[in-house]
1. So, R0 is 22 Å and r is the distance between the beta-carbons of Phe153 and Leu70; what FRET efficiency does that work out to, to 0.05?
2. At 1.4 Å probe size, with the rest of the protein present, what percent of the exposed accessible area of segment 33-172 is carbon and sulfur atoms?
3. What fraction of the DSSP beta bridges in segment 33-172 is antiparallel, stated in percent and rounded to the nearest 5?
4. What does the accessible area per residue of segment 33-172 come to in Å², with a 1.4 Å probe and no ligands, DNA or RNA counted?
5. Below 8 Å between Cα atoms, with a sequence gap of 6+, how large is the relative contact order for segment 33-172 in percent?
6. Please quote Rg/Rh for segment 33-172 to two decimal places, taking the Kirkwood radius as Rh and restricting both calculations to Cα atoms.
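The values are calculated or read from the model by the stated rules, or taken from the named source; none is laboratory data. Quick caveat: nothing in here was measured; it's all calculated off a predicted structure. For neighbour counting, all protein chains shown are included, and Cβ atoms are generated from backbone atoms with ideal geometry for every residue, glycine included. With ligands, DNA and RNA removed, areas are computed over all heavy atoms of the protein, side chains included. Shrake-Rupley method; radii C 1.70, N 1.55, O 1.52, S 1.80 Å.
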Amino acid sequence: MTNQTPISVRLMIAVVGFAGLTGLWSACSSEPVSGSGQELFQRYCATCHQPDANGVEGAFPPLRQTEWVLGDKGRIIRLVLYGMQGPIEVKGVSYNNVMTPHGFLTDEQVASVLTYVRSNFGNDADAVLADEVTRVRAAEGERDLFQSSRLRFRIGIPEAEEATEASAATIEQ
Ligand code: HEC
């Protein structure tokens, strides 16, 4: 008599092992996602703002010709990097919800998705540059979600030197 493992068990181990390996493989090979502005939008923004950028009234504001989308670049860069919570009004509709931070995206990805949004869905505003995202990120450093009342007035893109000074000041504090 042998104490061999039944064939069905061995098969199962083989299948699970294989699935595990392929899972690991795809997890490694699917990173990092660079993607076009459109791909990034569909992946990171459309879940809430909807693929047509019309939003969901009262829950997720639209991204079509809004003050925020067409307005100051420094403000929407901060919004995407750090997220926002609190009451805002967009096209006459009130929202008081949370937009999650997207600081895990690279400067190029943030620039690319914002440029896409600002030049599609009926929007016609100039491009956001990766360098502008770099400068805002350097000036703000690590931080929590913005309150809408604060972010509303937090506009402009710091000069390269200011960005360095500001992040040095943050470290000193
Ligand atoms: C988890 C859902 C969610 C995701 C993902 C999300 N947003 Fe938002 N977004 C919101 C909510 C909610 C608000 C309003 C926040 C508030 O009430 O203070 C908002 C507000 C905005 C605004 C300002 C208001 C307006 O409509 O003009 C812009 C611009 C914006 N988001 C762009 C983006 C972009 C670009 C992405 C993708 C990089 C994105 N959002 C991803 C939920 C989301």
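1. 0.85
2. Reported share for carbon and sulfur atoms: 52 percent.
3. Expressed as a percentage, antiparallel bridges in segment 33-172 total about 80.
4. Result: 52 Å² of accessible area for each residue.
5. Across segment 33-172, relative contact order equals 26 percent.
6. Here the Rg-to-Rh quotient is 0.95.
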